[in-house]
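Let me begin by presenting the structure, written as structure tokens, before commenting on it.
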Amino acid sequence: MHVLIIGDVGWDDFYHLGDEAMTEFAIEAVRAQGADDITLVAGNPQYAGRMYEVDGVNRFGFRMGHRASNAARSAAILAHVRGEASLHDSDRALPTLRALETADALLIAGGGNLNSTFDHHIYDRLTLARVAREYGVPYALTSQTLGPLIYRDDRSLIEELLCGARFFTAREDHTYRVASEIAGAKTEVLLQVDDAFSLTANPSDREAIADLTGAPFVIASFAEKSSSPVLSTADYHALAARIIREIAERAGIRVLLVPHAGALQADKFKRDEISNETIARIADHSNVRTVRMLTARQLAALTEEASLVIGTRYHAGIFAAAVGVPHVALAPNMYSSVRMRGAARNIGFEDFVLPISHASAVIDTATGMLGTDARASAVCDHLRSAADTLTRSHAKYWDAAMDTLLRNGNGVGTAHHHESVKSISNPFVGAIEQLRENLDLTEVYGILHQEDRFESDQQRRALKAEVDEITSRLDAMKKENADLRKTITVLSRETKFMGKTRRRLWQARQKWRKRSSSWN
């Protein structure tokens, strides 16, 4: 059985741990269902193929912020498939199209890619779905977040994508509500935990991180930038440093700054790896140290041994929840808050998602969960129970989902929503209602059905996208203008040369006439 999988993965010089984790689990789960032939659509097909022991093919080549050209590219690929036109023999899309034509199914792995900020990802997934329909190949989407920013024009694209799928699985309740509204009764929409929840460590992964364990430790994972309209990146780094320094000091525990976006190669140092050095320098505490870039399974192994997980990286909380480890998710913006609160609701842990700006509440919650009193024990017991319940629920969902996709089953069924988990309140802070209201203000949900309304973080993102588009066009015009200036300069030189040549010819002609007249 041949399955084509697309994930936001597979660059040889960049590893985004959460995205890789969801796709890696999807590959593992599909293999477990008997698919012995998997092709992965990836950033660098050869690298990704070696990494996951699959065949790799290119993405179609859409570019972020180039909507008109992306739409034209998608139409050209579809025209080629229908025999209405032909792509060039060297077009990067051709191996991907051949792989899809021979596939038994297409699986669109998890992520927050269906977002107007990343329109190129929307076109990648929609174009694959369009081609799959032409070839009669069933497709489905799992572990997805929609938006929360979706422009009016992109909504119709997402509707087309959803309405042709065998099923669509949301990883949090916001996406479940929006997808249900968009798809209506045309597609089965489900709610489950993030697919990285079930990615587990192997013995070799535990050996790989053995040098980091031993004495108790906290995992801290912070995105490299604040991505917030009210908090500069410099202030964000200072705030993160203050939080982890206080935790290290009060609890007398090591804090390991673990990157989620960086490079696995030791000679390539980027993103979280760089910002972690900045945070550690500002924290200036002997118990705070940075950690090399780990693979997703290695982080799963490290999280098994952690006393606490904290930070602004969404998937850090997913790995913690999966093994029943206490965690505090810090939300700096709308996108983070929607995903973090939704994932926390899945395990009844929403009160432990806090605004990053409320540092005192964050520190009190973190140090409280590191304590040994009855409150901390109750939190740990709740998380272990939730992890067991949701791990079983997720496994049953995948069995039903793959039966539907690979063996043309009758549908996944609402019985395979994740099992309900009772909520636990945060006993370590007294102003939890105020903190909830703060996060409510961070999130504005109306953009999908009130397209003309842009507020707070949504307005900032919308305006940024417009500015980026204008800047891109301006840069193109500048380049075109520079090229025209070069052409004009060349033509001017040629015109001058031709003028001189004409004068010389005229002078030669005059001399010839004078001589001719003297001969007569």
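Set side by side, the residues SER143, SER156 differ, and just one is free of Cβ contacts under 8 Å to residues at least 12 places away in the same chain and either out of contact with any Ser or Thr (no Cβ under 6 Å at 6 or more places or on another chain) or closer than 30 Å to GLU101 by Cβ (or both), which is SER156. Only one of the numbered conditions (1) of a type outside the set (Phe, Trp, Tyr); (2) outside any strand (DSSP E or B); (3) touching a strand residue (DSSP E or B) at 6+ places or on another chain (Cβ under 7 Å) is not met by THR145, and that is (2). Within the stretch 328-345, can one find any residue that is over 19 Å from the mean Cα position of the chain (by Cα) and under 21 Å from ILE253 (Cβ atoms)? Yes, some residue in the stretch 328-345 is over 19 Å from the mean Cα position of the chain (by Cα) and under 21 Å from ILE253 (Cβ atoms). In the set ILE356, ILE310, only one residue is modelled with pLDDT under 95, over 18 Å from GLY110 (Cβ atoms) and touching a strand residue (DSSP E or B) at 6+ places or on another chain (Cβ under 8 Å); that residue is ILE356.
Determine if the stretch 250-257 includes at least one residue that is in a helix (DSSP H, G or I), buried (at least 19 other Cβ atoms within 10 Å of the Cβ), modelled with pLDDT of 95 or more and not polar (S, T, N, Q). Yes. For the stretch 151-177, filtered to residues that are among the hydrophobic types (A, V, I, L, M, F, W, C) and within 19 Å of the chain's Cα centre (by Cα), the residue that is nearest to ASN408 (Cα to Cα) is PHE168. Of the listed requirements (1) open to solvent by 20 Å² or more (accessible area, probe 1.4 Å); (2) more than 20 Å from SER227 (Cβ to Cβ); (3) in contact (Cβ under 8 Å) with a residue 24 or more places away in the chain; (4) in contact with a Gly (Cβ under 9 Å, 6 or more places away or on another chain), ARG313 misses just one: (2).
Condition test on SER227, is it touching a residue at least 40 places away in the same chain (Cβ under 8 Å) and surrounded by fewer than 19 Cβ atoms within 10 Å (Cβ to Cβ)?
Here the answer is yes, as SER227 does meet what is asked.
Among the numbered conditions (1) open to solvent by less than 50 Å² (accessible area, probe 1.4 Å); (2) outside any strand (DSSP E or B), the only one that VAL189 does not meet is (2). Here PHE319 fits the description: within 19 Å of PHE217 (Cβ to Cβ) and among the aromatic types (Phe, Trp, Tyr).
Within the stretch 192-214, the residues that satisfy the criterion of being surrounded by 17 or more Cβ atoms within 10 Å (Cβ to Cβ) and part of a helix (DSSP H, G or I) are ASP195, ALA196, PHE197, SER198, ASP205, ARG206, ALA208, LEU212. A residue that is closer than 19 Å to MET402 by Cβ and in contact with a His (Cβ under 9 Å, 6 or more places away or on another chain) cannot be found anywhere in the stretch 124-134.
In the stretch 393-432, the residue that is modelled with the lowest pLDDT out of those that are among the hydroxyl-bearing types (Ser, Thr, Tyr) and touching a strand residue (DSSP E or B) at 6+ places or on another chain (Cβ under 9 Å) is THR414. Is it the case that TYR123 is under 29 Å from GLU181 (Cα atoms), open to solvent by 50 Å² or more (accessible area, probe 1.4 Å), hydroxyl-bearing (Ser, Thr, Tyr) and at pLDDT 95 or above? No; evaluated as a whole, the condition is false for this residue.
Considering only the stretch 266-286, state which residues are open to solvent by less than 50 Å² (accessible area, probe 1.4 Å) and either more than 19 Å from ILE356 (Cβ to Cβ) or in a loop (DSSP other than H, G, I, E, B) (or both). Break it down into steps so the answer makes sense when it comes.
Within the stretch 266-286, the subset open to solvent by less than 50 Å² (accessible area, probe 1.4 Å) is 272-273, 275-276, 278-280, 283, 285.
Within the stretch 266-286, GLU273, HIS285 qualify.
The requirement of being crowded, with 19+ Cβ neighbours inside 10 Å and assigned to a strand (DSSP E or B) is not satisfied by LEU162.
Residues are listed down the side, and each one gets a yes or a no for (1) open to solvent by less than 70 Å² (accessible area, probe 1.4 Å); (2) under 18 Å from ALA343 (Cα atoms):
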residue: ASP399; (1), (2): no, no
residue: THR404; (1), (2): yes, no
residue: THR414; (1), (2): no, no
residue: SER423; (1), (2): no, yes
residue: PRO427; (1), (2): yes, no
residue: GLY430; (1), (2): no, no
residue: LEU435; (1), (2): yes, yes
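Scoring PRO148 on the criteria (1) within 16 Å of the chain's Cα centre (by Cα); (2) touching a residue at least 60 places away in the same chain (Cβ under 8 Å); (3) under 30 Å from ASP36 (Cα atoms) leaves a single failure, condition (3).
The values are calculated or read from the model by the stated rules, or taken from the named source; none is laboratory data. Just so it is clear, the structure is predicted and the values come from calculations on it, not from any experiment. Heads up, the Cβs are rebuilt from the backbone with ideal geometry, glycines too, and the neighbour counts pull from every protein chain shown. SASA here: full protein model, heavy atoms, side chains in, ligands and nucleic acids out. Shrake-Rupley method; radii C 1.70, N 1.55, O 1.52, S 1.80 Å.
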